[in-house]
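Down below is the structure, laid out as structure tokens.
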Amino acid sequence: MELLEFARGPALKVALVVFCFGVLWRLVGTVLLRFHPHLSVPRNGFFKSFMLGLAVAGSRSWPYRRFIVRTGYGEALGYSYHIGLFLVILFFAPHVLFIKSLFGVSWATLPSSIVTIIAVVTFTLLLAVLFRRLAYSVLRKLSNFDDYFSWFVTTLVIVTGLMATAHFGARYETLMAWHILSFDLLLIWFPFGKLMHAFYIFPSRMINGYFLARKGAPS
Amino acid sequence: MTTAKRLETIEDVLTANGVSRRTFLKFCISTASFMALAPSMSTVIAKELLKARRPSVIYLSFQECTGCLESLTRSYTPSVENMIFNMVSLDYDDTLMAAAGKQSEEALDTVIKENYGHYMMVVDGAVPLGNGGVYNTQGGKSAVQILTDSAKGAAAIVCVGTCSSFGGIPLAHPNPTGAVPVSDIITDKPIINVSGCPPIPAVITSTLVHYVTLGVPALDAHHRPLAFFGNTIHDRCYRRPFFDEGKFAKTFDDEGARNGWCLYELGCKGPTTYNACATTKWNEGTSFPIESGHPCLGCSEPNFWDRNGSFYAPLAAGLISSVAPIGEAAGAGAAAGVGTAALSRLRNRAKVRQRATEKQTSKEE
């Protein structure tokens, strides 16, 4: 079995199995955890609290105006590379074909050259994100292996993808195998590291907002 | 095939056939160009060809469909490639030769004996090893025996076609005859693989010329001449701009197909296939499969019949036959989540009870 076949076949299958198991395990386990009982009388009903929770999920995801000078750079970086990642993952034709082969759904794609430019920009932003993490002492002290490894597996997928597109460094099939293997690694790491924030971030903000609204302290 | 009087050098043959110096030099220049050699190498080829002895060639056919030989005989005729047949002495080819049976076997023995250590072997077809090699026999000898015996005195072996180079279709799953490529059996001779199903005629003949004039050409990891197998079909495909623009044919009869857009989504294996189809083309440079509207099958690559899933599955598609295990894993994950949460709640309840008991005890004290 060639490396590319291994990457597209058994390795991908194992990675998807681990990913699905891990994500569902953590999501269901977290959702079913016991919440602290609220002993006070609810200030808002379920529906209003729910809607306010949704609003909090949105408002807390936007930079806070008073701190914009201090946090703006980091937030702009974060949003930019996330948007870049989404565009590359969801609108590159081979990626859509990959998704179609698994789930049977597909959609319009962007020209490969545009996606390549976006990927290069995203890679540059990821380097800036790492530099910022290393350069700011507070951020550096808050960082652990999880932060760096999550950055590594994400960046590795982008780098190997760019190498495959540019046919740089090895034969195309080898580069493509590296790219898919790096994606397999990302899938395996995803549920157990901070990449899981992709599933947690908005529901957790929404739930916080919901409870605050129930207590009569919507923000 | 074994002529009564063999002309000594290629120059002798060319002179005897009335080939002009201009025609000969044009041939040398085009050969150098085919092989992506420096322009100055055409003069080297010319000098070497003129003084080279016509090497004796033994063409052996094993598990094959004769498509490779068909391809070779459709070399641009009458053109420079056809001259190659005047430059080598094709002394044994059981498909082309007039002799048959015992006479042809004697011819093979004679050629080997007379040219021991100097002849070139061209092999077409995979070699079956299953059940002692009974699936392919000639004159009571198995293919593996003929190959082993003939290879002993060969200067080099050129494997023509994917079957002899990598096993090809005979090696495809479930490989009932135990077919293997030549390189699995012969390990002590220079082997040049000219793969393809079939290979491009000009690639076969140019490789032979290179061997006659300059020796074994630069080879890739699969022992294929780099000059022809150094780039992927995708790299040189005229439809590549459509790939870059994200314009793909979705079916064989949609607007994209009619407009000649990229066939990647229809399973084209061009990105992982190394061959000269997109540049040298077929039928006197007329076209190649992609130009005719069909995706590349990747026929010049090892294990081509079984690799990459279906011929019509895109390269980017996962090679996962069933998503059931993934669904089962999701179900198991959800169950594990329920279990973990239940365990957490039980522990939490036990802690609350313990705290209440401790509080009660401290109050009583």
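The values are calculated or read from the model by the stated rules, or taken from the named source; none is laboratory data. Being a predicted model, the structure only gives us computed values, none of them experimental. Every residue, glycine as well, gets a Cβ built from its backbone with ideal geometry; the counts of neighbours run over all protein chains shown. Note: accessible area is taken over every heavy atom of the protein model, side chains too, but ligands, DNA and RNA are not part of it. Shrake-Rupley method; radii C 1.70, N 1.55, O 1.52, S 1.80 Å.
See the values below:
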item	result
Candidates A:Ser101, A:Ser112 - the one that is within 22 Å of B:Pro271 (Cβ to Cβ), modelled with pLDDT under 90 and open to solvent by 50 Å² or more (accessible area, probe 1.4 Å)	A:Ser101
Candidate set from the stretch B:283-324 (those that are closer than 30 Å to A:Trp25 by Cβ and exposed (fewer than 15 other Cβ atoms within 10 Å of the Cβ)); member that is nearest to the chain's Cα centre (by Cα)	B:Ser321
Within the stretch A:129-219, helices (runs of 4 or more DSSP H) holding 1 or more residues that are touching a Pro at 6+ places or on another chain (Cβ under 9 Å) and on the phi > 0 side of the Ramachandran plot	none
Cross-chain or 6+ apart pairs with Cβ under 6 Å, the stretch A:91-102 first and of a type outside the set (D, E, K, R), then open to solvent by 30 Å² or more (accessible area, probe 1.4 Å)	A:Phe91/A:Thr109; A:Phe91/A:Leu110; A:Ala93/A:Thr109; A:His95/A:Ile89; A:Val96/A:Ser106; A:Val96/A:Thr109
Inter-residue pairs, beta-carbon under 7 Å, first in contact (Cβ under 8 Å) with a residue 24 or more places away in the chain and in the stretch A:179-200, second part of a helix (DSSP H, G or I) and of a type in the set (Lys, Arg), 6+ apart	A:Ile180/A:Arg8; A:Pro191/A:Arg26; A:Met196/A:Arg26
Matching residues in the stretch B:87-114 - criterion: being open to solvent by 70 Å² or more (accessible area, probe 1.4 Å) and either outside the structural domain of B:Gln145 (by TED's automatic domain parsing) or among the acidic types (Asp, Glu) (or both)	B:Glu106, B:Asp109, B:Glu114
Scan of the stretch A:1-55 for residues that are over 26 Å from A:Arg171 (Cβ atoms), part of a loop (DSSP other than H, G, I, E, B) and facing chain B (nearest Cβ under 7 Å), ordered by number	A:Leu32, A:Leu33, A:Arg34
Qualifying residue in the stretch B:204-225 (condition: under 17 Å from B:Ile29 (Cα atoms) and open to solvent by 40 Å² or more (accessible area, probe 1.4 Å))	yes
Residue count, the stretch A:112-125 (criterion: under 10 Å from A:Gly84 (Cα atoms) and touching a Phe, Trp or Tyr at 6+ places or on another chain (Cβ under 7 Å))	3
Complete set of residues in the stretch B:145-168 that are part of a helix (DSSP H, G or I) and surrounded by fewer than 19 Cβ atoms within 10 Å (Cβ to Cβ)	B:Gln145, B:Thr148, B:Asp149
